[in-house]
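First up is the structure itself, then whatever we jot down about it.
The values are calculated or read from the model by the stated rules, or taken from the named source; none is laboratory data. Quantities reported herein were computed from a predicted structural model and do not represent experimental measurements. So basically every Cβ, Gly included, is an ideal-geometry build from the backbone, and we count neighbours across all protein chains shown.
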């Protein structure tokens, strides 16, 4: 498990930063990818980056509820609405978007050392 | 005797407000300097309960009660009720319509998530509505 700066994540995913440019020096250790927010809520793993193809305000709400998410990355080139960005700003989140699909984006980050911190092996439910 | 008690209204189908009660709860619990895990679990329980009222009921309330040793979250709604509680507790079982799934919910994880994140949970449901009580111990 490696510490990865949000700036490195931006570079790996060739992402565009939509919010929180000033926070790109922050380091994260973990990430998760999901389109179902119920799954994000159900997971007990620590997660600092959330990759998702869902672009509604529930993504930000979920990040707030989970508490440890610092950065949301929208995949497949999707752009969130202004209401989503406004809510994310209030929550102090970094928001990016990447053209890569969820599977590839997760794979790129994982292979660059951003894995998961979990009591369960690789986050798998047992 | 609760040290703190507050009731929030939750409107049916008001997806824009979904999570507001939970945000309020987070702010309250942070002021009390509770452990992050307690805050996280309480907020997840509250959020899922809110979503359930918004998705499945005709409207209801969420009452937050804080005691010296626990948080109690009471979600009460008027609505069609849960036909089969045992089935509703099963992970992945959902009666939510497609439009809800498109919002990232309705995955059949709501009640199981509430149970997983609380130390005590009770559901009472009839054709007039549902009451879910969950407690998180400090």
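A count restricted to segment B:96-138 and to residues that are within 14 Å of chain A (Cβ to nearest Cβ), part of a loop (DSSP other than H, G, I, E, B) and closer than 16 Å to residue B:56 by Cα stands at 8.
Selection of segment B:125-138 for residues being within 21 Å of residue B:70 (Cα to Cα) and modelled with pLDDT of 95 or more yields B:131, B:132, B:133, B:134, B:135, B:136, B:137. Selection of segment B:31-48 for residues being in a loop (DSSP other than H, G, I, E, B) and either under 18 Å from residue B:63 (Cβ atoms) or within 14 Å of another protein chain (Cβ to nearest Cβ) (or both) yields B:32, B:34, B:35. For segment B:105-138, the tally of residues that are free of Cβ contacts under 8 Å to residues at least 40 places away in the same chain and either under 11 Å from the mean Cα position of the chain (by Cα) or surrounded by fewer than 22 Cβ atoms within 10 Å (Cβ to Cβ) (or both) stands at 8. Can you go through A:42, A:91, A:31, A:63 and tell me which one is in contact with a helix residue (DSSP H, G or I) (Cβ under 6 Å, 6 or more places away or on another chain) and crowded, with 21+ Cβ neighbours inside 10 Å? The conditions single out A:31. One residue stands out among those in segment A:41-90 that are modelled with pLDDT of 90 or more, within 23 Å of residue A:107 (Cβ to Cβ) and part of a helix (DSSP H, G or I): the one that is farthest from the other protein chains (Cβ to nearest Cβ), which is A:63. Look at segment B:14-30: where a residue is more than 10 Å from chain A (Cβ to nearest Cβ) and a partner is outside any helix (DSSP H, G or I), sitting 6+ places away or on another chain with Cβ atoms under 6 Å, you get B:21/B:8; B:21/B:62. If you go through segment B:75-83 one residue at a time, do you hit one that is more than 12 Å from chain A (Cβ to nearest Cβ), assigned to a strand (DSSP E or B) and either over 16 Å from the mean Cα position of the chain (by Cα) or closer than 23 Å to residue A:63 by Cα (or both)? Yes, the conditions are met somewhere in segment B:75-83.
For segment B:80-104, the set of residues classified as at positive phi and surrounded by 19 or more Cβ atoms within 10 Å (Cβ to Cβ) consists of B:104 only. If the condition is being facing chain B (nearest Cβ under 8 Å) and part of a helix (DSSP H, G or I), then segment A:15-40 contributes A:37, A:38, A:39.
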